[in-house]
Amino acid sequence: MNEMIIKALSEIKQTDWNGNTIHPNLDFCLRAINLQSNNSGWYNPIAIKIPKLTGYYMINEDKSIFFEARIIKEDDNKFRIEYMSMSAYNDFEKKYSDYINV
């Protein structure tokens, strides 16, 4: 499943991400993203860096990649959360669906 998520994410344009929520560290960003996920409130989110993709992605409690948001490190104490645009989300879902139905 994660392989197909990564494959579909790699086809999303850099210009299809936007966001201006800034936090002082990666952990604060992960906790903010976790609030918008289906993970439990007890889950301590972790981040991964995926080769050839920009930013960090949160791993869900079920070990899947939370693909809707990414975290960009701008400085030692400045991390920005970016979200996929609606058109990118729709494009992602189509590509992901195509990949898993092959």
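The values are calculated or read from the model by the stated rules, or taken from the named source; none is laboratory data. On a predicted model such as this, the values are computed, not experimentally measured, just so you know. With ideal geometry, Cβ positions are generated from the backbone for all residues, glycine too; neighbour counts draw on all protein chains shown.
Annotation: of all residues in segment 66-85 being surrounded by fewer than 17 Cβ atoms within 10 Å (Cβ to Cβ) and either under 14 Å from the mean Cα position of the chain (by Cα) or of a type in the set (Lys, Arg) (or both), the one that is farthest from ASP16 (Cα to Cα) is LYS78.
Scanning segment 1-41 for residues that are outside any loop (DSSP other than H, G, I, E, B) and among the β-branched types (Val, Ile, Thr) turns up ILE5, ILE6, THR15, THR21, ILE22, ILE33. Just so you know, in segment 75-102 the residues that are assigned to a strand (DSSP E or B) and touching a residue at least 24 places away in the same chain (Cβ under 8 Å) include one that is farthest from PRO24 (Cα to Cα), and it is MET84.
If you check GLY19, GLY41, GLY55 for being in contact (Cβ under 8 Å) with a residue 40 or more places away in the chain and not aromatic (Phe, Trp, Tyr), only one passes: GLY19. Do we have any residue at all in segment 13-27 that's within 17 Å of ALA88 (Cβ to Cβ), hydroxyl-bearing (Ser, Thr, Tyr) and loosely packed, with under 14 Cβ neighbours inside 10 Å? Within segment 13-27, one or more residues are within 17 Å of ALA88 (Cβ to Cβ), hydroxyl-bearing (Ser, Thr, Tyr) and loosely packed, with under 14 Cβ neighbours inside 10 Å. The set of residues in segment 42-74 that are in contact with a helix residue (DSSP H, G or I) (Cβ under 8 Å, 6 or more places away or on another chain), outside any strand (DSSP E or B) and either charged (D, E, K, R) or over 16 Å from ILE6 (Cβ atoms) (or both) comprises TYR43, PRO45, LYS63. Residues that are of a type in the set (Val, Ile, Thr) and at pLDDT below 95 occur in segment 84-101; there is at least one.
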